[in-house]
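Here is the structure we will look at.
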Amino acid sequence: MKSKTYKFIYILLLLTSFISVEAEERFVIEDIRVEGLKRITPGTVFNYLPMKVGDTFSDSLSSDAVRALFKTGFFDDVKVEKDGNDLILIFKERPAIGTIKLSGNEDIKTDELLDNLKQIGFAEGRVFLQSQLEMVEQELQRQYYSFGKYAAKITSKVTELDNNRVAINIDVSEGLVAKIKKINIVGNNIFTEKKLLKEFKLSTPTMLSFFFKNDQYSKQKLSGDLESLRTYYLDRGYLNFAIDSTQVTISPDKKDIYITINITEGELYKVSEVKLGGDLTLSENELLELILIKAGELFSRKKVTETTQKITDSLGEKGYSFANVNSIPDIDKENKTVSITFFVDPGKRVYVRRINFSGNTKTKDEVLRREMRQQEGAWISTAQVERGKLRLQRTGFFKTVNVETPMIPGTADQVDVNYAVEEAPGGQFGIGLGFSQSSGLILTTSLSQDNFLGSGKRVSFAFNNSQINSRYSIGYLNPYYTIDGVSRGFNMFYKETDAFDANLAEYDTKDVGADVIFGIPISETNSIDTSLQYKKTDISLGGTASTQVRDFVTLNGSEYDIFSWNIGFSYDTRNKAILPDKGTYHRVGSEVVIPAGSDVEYFKVNYETKWFKDVYEDYILTLGADVGYGDAYGDTTELPFFENFYVGGPRSVRGYKENTIGPRDTSGRPLGGSTKIVGNAEVILPFPFLQDLKQVRVTGFLDAGNVYGPNEDIEFDDIRYSSGLSAIWISPFGALSASYAVPFGTKSTDQEQNFQFTFGTSF
């Protein structure tokens with residue numbers, strides 16, 4: 001009984017104590033004072049404080065206030081004290097970041113890094129948090145690892161400044177890029193390691209690694225190479241091929257990387273059957289023609305993927321733009337065969353409600369609309385929509401063209417086709433001054449309107465004057481002379497040429513003439529151009545003109561009326577008219593002088609081609625050729641010397657003075673020839689520091705070519721060669737081009753010129 005009494009008294013005393021504490025902690029707040037603030041204003045504190053004058057203070061309210069103030073991140077310490085019925089808040093502020101300095105960083109630009117840090121709240125004027133600084137160090141380390149610089153070290157120093165601020169100094173020791181020392185493939189029995197490694201972009205150091213950077217390890221590149229390895233086996237029938245593991249190790253000095261890939265090749269599988277399933281929509285025979293993989297063949301993932309894409313594209317051209325095609329394999333492990341079913345889900349056929357244009361403030365809608373191949377009210381064709389975009393790009397009227405096909409709200413089978421364009425300057429007036437090594441100082445005046453009054457027609461006037469040429473011209477072109485897209489244009493011109501200053505024989509020519517031109521489209525990629533031209537040519541001989549030139553003038557006179565018919569066929573799949581990087585261009589053209597009314601009779605045939613192919617990442621191979629042949633007929637005994645072909649200089653074989661390759665006259669001056677052969681091979685090189693790659697191009701090249709006289713046999717031993725680097729920039733002030741070439745295969749009469757350039761500027 002006595003123990004129970006003691007227990008009761010103990011509980012009573014404890015309860016009384018608790019009640020007394022509560023009574024002591026609770027009071028009505030009459031005033032709130034803050035102390036210790038330096039940078040933070042009292043208003044900021046009261047904005048976050050979950051209490052105010054008049055509230056009843058309690059322990060729970062005090063805890064909420066401390067939590068809320070700490071949550072701001074502004075303070076290292078917060079104390080709550082009581083002075084009568086006044087509440088006192090005592091703060092210790094966290095320092096602010098006064099300055100951030102980086103040193104030793106070359107791969108990462110300081111401005112870009114500071115902008116990225118600002119996005120996470122680590123910037124000058126913000127509250128300094130040690131945890132944020134540690135996060136910055138880790139992120140920098142990660143970025144340098146992605147560059148292959150595993151020896152990179154990041155150290156930071158925090159220095160106190162006045163007014164509760166700190167200075168952050170981040171020192172970067174980048175180190176060298178780790179190189180791949182060895183790549184091992186383990187488990188390959190069917191294909192040699194050498195053959196498999198040819199599929200990889202990563203490799204051990206080679207002579208070209210300086211350009212390709214293929215000896216620098218990257219996780220992303222390795223992932224791509226592993227996928228290429230998997231594709232290699234799957235395209236050759238090894239359906240259950242597997243990559244078991246991948247180990248990447250680095251040497252203790254962090255300079256060498258070793259990669260080991262363990263694989264299981266598996267068994268060969270053949271295709272036992274190819275079927276179609278789902279809602280075929282199109283005829284089965286039509287779809288079967290699109291299937292590239294056949295029964296009895298080795299399984300090939302490439303053919304399966306291409307078949308899926310071909311069926312999808314075919315459905316997209318018929319209006320099923322949201323079609324879904326899946327390949328479903330049924331594997332028979334016992335017989336090592338696979339049955340493939342292409343399951344087709346076409347979805348609903350989609351129709352185009354309206355084609356809309358935006359951004360064309362000057363160009364009329366009808367100019368854009370006539371380039372369309374997709375029609376309103378018809379079902380949508382993805383190929384035709386993209387074709388319309390390409391045709392708009394090739395008009396030259398627009399800087400950019402984008403297209404979208406949004407669904408119409410409330411419908412499941414209608415879309416709008418929206419083309420957004422950014423117009424290029426349609427009219428230009430310029431007075432230009434330029435220089436080239438061959439022509440010297442060049443003065444140009446031009447007035448042109450490529451898109452006259454927004455109609456798509458071109459009107460131009462130009463005057464060019466240089467040491468070699470003086471030319472006046474007036475031109476007009478209507479690209480849609482007929483509704484079928486036949487173009488018609490007119491040109492009138494006057495030209496004076498000093499051949500001697502062009503490194504040719506000593507004579508001057510004056511040409512005046514006019515022509516009418518028609519362009520006839522045959523298909524989206526093929527076209528014919530034809531023109532009729534009249535030209536009057538006057539020849540003036542210098543005092544030291546060669547025997548060949550004088551003999552021709554003596555026999556045929558020095559003034560010539562020339563009526564000619566020109567016809568050409570073009571095939572063009574290039575993605576752009578200026579600085580293309582994809583597609584093919586072919587043109588065969590001929591000029592035939594009409595005997596009736598002409599004082600000389602001759603013909604010329606020319607073939608030009610250009611081919612662009614992406615060979616490695618951003619490296620693009622370009623192959624080109626320019627072949628020409630000319631001869632006289634009728635009463636004229638040889639091709640007029642002023643119509644000869646010439647080779648050498650920036651537009652043919654670089655590294656040689658312009659027009660200087662080939663036959664010479666009796667005065668030792670270049671005479672040109674009746675046969676021309678020129679070939680070029682170029683690799684377009686990517687440069688990361690170049691921002692506007694649409695206007696800039698850098699290439700490594702190999703040129704070859706020569707011209708031959710009418711009585712000369714074509715000897716390929718006489719071909720001249722050169723190799724080097726070139727660059728072109730389509731600047732706002734005109735084109736600037738430069739090249740450095742080293743000629744080889746030269747003859748004693750050749751005139752070399754390693755560095756060649758042209759530039760111009762506008763006022």
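For this structure, a couple of remarks:
- Count of residues meeting criterion [in a loop (DSSP other than H, G, I, E, B) and among the β-branched types (Val, Ile, Thr)] in segment 66-92: 1
- Residue selection: residue 110 fails the criterion of being over 30 Å from residue 237 (Cβ atoms), at pLDDT 85 or above and out of contact with any helix residue (DSSP H, G or I) (no Cβ under 9 Å at 6 or more places or on another chain).
- Across segment 570-582, the qualifying residues are those that are surrounded by fewer than 17 Cβ atoms within 10 Å (Cβ to Cβ) and farther than 17 Å from residue 395 by Cβ, and the one among them that is farthest from the chain's Cα centre (by Cα) is 571.
- Filter result for residue 291 (in contact (Cβ under 8 Å) with a residue 12 or more places away in the chain, part of a loop (DSSP other than H, G, I, E, B) and either not assigned by TED's automatic domain parsing to the domain that holds residue 407 or not basic (Lys, Arg) (or both)): yes
- Filter result for residue 314 (under 30 Å from residue 412 (Cβ atoms) and out of contact with any Gly (no Cβ under 8 Å at 6 or more places or on another chain)): yes
- Of the residues making up segment 279-306, just one is surrounded by 15 or more Cβ atoms within 10 Å (Cβ to Cβ), more than 30 Å from residue 189 (Cβ to Cβ) and not hydrophobic (A, V, I, L, M, F, W, C), namely 281.
- Within segment 547-569, tally of residues that are surrounded by 16 or more Cβ atoms within 10 Å (Cβ to Cβ), out of contact with any Leu (no Cβ under 7 Å at 6 or more places or on another chain) and either more than 30 Å from residue 585 (Cβ to Cβ) or not assigned by TED's automatic domain parsing to the domain that holds residue 593 (or both): 3
- The single residue among 415, 367, 403, 385 that is farther than 18 Å from residue 576 by Cβ, of a type outside the set (Gly, Ala, Ser) and either surrounded by fewer than 15 Cβ atoms within 10 Å (Cβ to Cβ) or touching a Gly at 6+ places or on another chain (Cβ under 9 Å) (or both) turns out to be 367.
- Candidate set: segment 320-331, residues that are in contact with a Pro (Cβ under 9 Å, 6 or more places away or on another chain) and over 30 Å from residue 269 (Cβ atoms); chosen: the one modelled with the lowest pLDDT: 322
- There is at least one residue in segment 94-108 that is of a type in the set (A, V, I, L, M), outside any loop (DSSP other than H, G, I, E, B) and touching a Gly at 6+ places or on another chain (Cβ under 9 Å).
- Taken together, 129, 133, 117 contain a single residue that is in contact with a Gly (Cβ under 8 Å, 6 or more places away or on another chain) and surrounded by 14 or more Cβ atoms within 10 Å (Cβ to Cβ), which is 129.
- Segment 161-180: number of residues that are polar (S, T, N, Q) and farther than 30 Å from residue 218 by Cα: 2
- Some residue of segment 317-326 being touching a Lys or Arg at 6+ places or on another chain (Cβ under 7 Å), small (Gly, Ala, Ser), surrounded by 15 or more Cβ atoms within 10 Å (Cβ to Cβ) and farther than 30 Å from residue 148 by Cα: yes
Matching residues to (1) under 44 Å from the mean Cα position of the chain (by Cα); (2) in a loop (DSSP other than H, G, I, E, B):
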{"residue": "495", "(1), (2)": "yes, no"}
{"residue": "504", "(1), (2)": "yes, yes"}
{"residue": "508", "(1), (2)": "no, no"}
{"residue": "524", "(1), (2)": "yes, yes"}
{"residue": "533", "(1), (2)": "yes, no"}
{"residue": "540", "(1), (2)": "no, no"}
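- Matching residues in segment 93-112 - criterion: being surrounded by 12 or more Cβ atoms within 10 Å (Cβ to Cβ), touching a residue at least 24 places away in the same chain (Cβ under 8 Å) and within 28 Å of the chain's Cα centre (by Cα): 105, 107, 108
- Pairing each residue of segment 69-81 that is touching a residue at least 40 places away in the same chain (Cβ under 8 Å) and within 13 Å of residue 129 (Cα to Cα) with any residue that is surrounded by fewer than 16 Cβ atoms within 10 Å (Cβ to Cβ) and among the β-branched types (Val, Ile, Thr), provided the two are 6+ apart or on different chains, yields C-beta distances under 8 Å for 74/44.
- Residue match in segment 123-142 (condition: within 33 Å of the chain's Cα centre (by Cα) and assigned to a loop (DSSP other than H, G, I, E, B)): no
- Every residue from segment 170-183 that is touching a residue at least 40 places away in the same chain (Cβ under 8 Å) and not charged (D, E, K, R): 170, 172, 173, 175, 176, 178, 180, 183
This table checks each residue for (1) free of Cβ contacts under 8 Å to residues at least 60 places away in the same chain; (2) part of a loop (DSSP other than H, G, I, E, B); (3) in the same structural domain as residue 215 (by TED's automatic domain parsing).
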{"site": "151", "(1), (2), (3)": "no, yes, no"}
{"site": "154", "(1), (2), (3)": "yes, no, no"}
{"site": "158", "(1), (2), (3)": "yes, no, no"}
{"site": "163", "(1), (2), (3)": "no, yes, no"}
{"site": "167", "(1), (2), (3)": "no, no, no"}
{"site": "185", "(1), (2), (3)": "no, no, yes"}
{"site": "189", "(1), (2), (3)": "no, yes, yes"}
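Here's the yes/no breakdown for (1) among the aliphatic types (A, V, I, L, M); (2) at pLDDT 75 or above; (3) under 30 Å from residue 132 (Cα atoms):
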| site | (1), (2), (3) |
| --- | --- |
| 3 | no, no, no |
| 11 | yes, no, no |
| 27 | no, yes, no |
| 37 | yes, yes, yes |
| 47 | no, yes, yes |
| 50 | no, yes, yes |
| 56 | no, yes, no |
| 64 | no, yes, yes |
| 67 | no, yes, yes |
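- Matching residues in segment 281-304 - criterion: being within 24 Å of residue 237 (Cβ to Cβ) and either under 34 Å from the mean Cα position of the chain (by Cα) or polar (S, T, N, Q) (or both): 290, 291, 292, 293, 300, 301, 302, 303, 304
- Test for residue 336: is it loosely packed, with under 15 Cβ neighbours inside 10 Å and touching a residue at least 40 places away in the same chain (Cβ under 8 Å): no
The values are calculated or read from the model by the stated rules, or taken from the named source; none is laboratory data. Everything quoted here is computed from the prediction, not taken from an experiment. No Cβ is skipped: glycine too gets one built from the backbone with ideal geometry, and neighbour counts run over all protein chains shown.
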